[in-house]
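J.: Structure provided below as C-alpha cells; questions to follow.
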Amino acid sequence: MALDKRVLHRATGPTHRVNIGGGSWYVRGWQNVDYYAPAPYVDVRLDLRDLPTLPYPDGSCEVIFCSHVLEHVPDVAVRHALAEMARLLTPDGTVRIVVPDLEAALAAYRAGDEEFFDRGGVRCVGPTIEAKLVNFCASY
C-alpha cells in the first residue's frame, strides 16, 4: 500500500507551530505553551486562567494545537484563548482543538455502557458507572 504523501501544513515564511497545553508532548519545530509541564518541555510557561497575551506576533502561527486543555479553564478564559488563537493565525492557518465528547459519555452512561469508559485514551476507573463518568470528565 502506498503512503499518503499529502502535506497538511506548509510554512510560507517565518511562522510558528504552537501546542497550547502540550504537557510533556514535545516535537522539534513546535513551541510548547504550558503551565504544569516540567521545564524541559516548556518553551512558554503561562496559565490560560490569567487571560494572558500569547507571546507571538499577529498572524505568525501556521498551526495551533490545543488538546484537552480548554475544558479545564473557566469560560471567560476559553473565550480569551480562542481570541488569542485567532489573532495569531496566518490567513491560511489551522487551529485544531480537542475536547472530551461529553455527549458520547452521557449517552454511554444513560445506556449503562460501562465498556465505553474502559476503552480509548484514558482509562476511567471507578467502582460504578457514575464514578467512571466523573473520572472521564476529570481525567480529560
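The values are calculated or read from the model by the stated rules, or taken from the named source; none is laboratory data. Note that this is a predicted model, so its numbers are computed, not measured. Counting neighbours? That spans all protein chains shown, and the Cβs are built from the backbone with ideal geometry, glycine included. When the accessible area is computed, the model is the full protein with side chains, heavy atoms only, and any ligands, DNA or RNA have been set aside. Shrake-Rupley method; radii C 1.70, N 1.55, O 1.52, S 1.80 Å.
J.: Could you tell me how many of the residues in region 111-140 are charged (D, E, K, R), part of a loop (DSSP other than H, G, I, E, B) and at pLDDT below 90?
T.: 2
J.: With respect to the numbered conditions (1) in contact (Cβ under 8 Å) with a residue 12 or more places away in the chain; (2) assigned to a helix (DSSP H, G or I), which one is the sole condition not fulfilled by residue 97?
T.: Checking residue 97 against (1) in contact (Cβ under 8 Å) with a residue 12 or more places away in the chain; (2) assigned to a helix (DSSP H, G or I), the one that fails is (2).
J.: Right, next: With the checklist (1) modelled with pLDDT under 90; (2) part of a helix (DSSP H, G or I); (3) of a type outside the set (Val, Ile, Thr) in hand, flag the one item residue 108 doesn't pass.
T.: (1)
J.: Then there's this: Can you tell me which residues in region 52-102 are hydroxyl-bearing (Ser, Thr, Tyr) and in contact with a strand residue (DSSP E or B) (Cβ under 7 Å, 6 or more places away or on another chain)?
T.: 56, 60, 67, 90, 94
Table: residues versus (1) touching a Gly at 6+ places or on another chain (Cβ under 9 Å); (2) part of a loop (DSSP other than H, G, I, E, B); (3) modelled with pLDDT of 95 or more; (4) under 20 Å from residue 82 (Cβ atoms).
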| site | (1), (2), (3), (4) |
| --- | --- |
| 10 | no, yes, no, no |
| 14 | no, yes, no, no |
| 24 | no, yes, no, no |
| 27 | no, yes, no, no |
| 36 | yes, yes, no, no |
| 52 | no, yes, yes, yes |
| 55 | no, yes, no, yes |
| 58 | no, yes, yes, yes |
| 63 | yes, no, yes, yes |
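J.: Let me ask something else about it. Which residues, taken from region 75-93, are open to solvent by less than 50 Å² (accessible area, probe 1.4 Å) and under 14 Å from residue 19 (Cα atoms)?
T.: Of everything in region 75-93, those that are open to solvent by less than 50 Å² (accessible area, probe 1.4 Å) and under 14 Å from residue 19 (Cα atoms) turn out to be 81, 84, 85, 88, 89, 93.
J.: How many residues does region 97-118 hold that are more than 20 Å from the chain's Cα centre (by Cα) and exposed (fewer than 11 other Cβ atoms within 10 Å of the Cβ)?
T.: Residues in region 97-118 being more than 20 Å from the chain's Cα centre (by Cα) and exposed (fewer than 11 other Cβ atoms within 10 Å of the Cβ): 4 in total.
J.: Of everything in region 37-74, what is of a type in the set (Asp, Glu), over 21 Å from residue 137 (Cα atoms) and surrounded by 12 or more Cβ atoms within 10 Å (Cβ to Cβ)? Give them in sequence order.
T.: Selection gives 43, 62.
J.: With the structure loaded, tell me whether residue 72 is at pLDDT below 95, out of contact with any Cys (no Cβ under 6 Å at 6 or more places or on another chain) and under 22 Å from residue 53 (Cβ atoms) or whether it fails that test.
T.: It is true that residue 72 is at pLDDT below 95, out of contact with any Cys (no Cβ under 6 Å at 6 or more places or on another chain) and under 22 Å from residue 53 (Cβ atoms).
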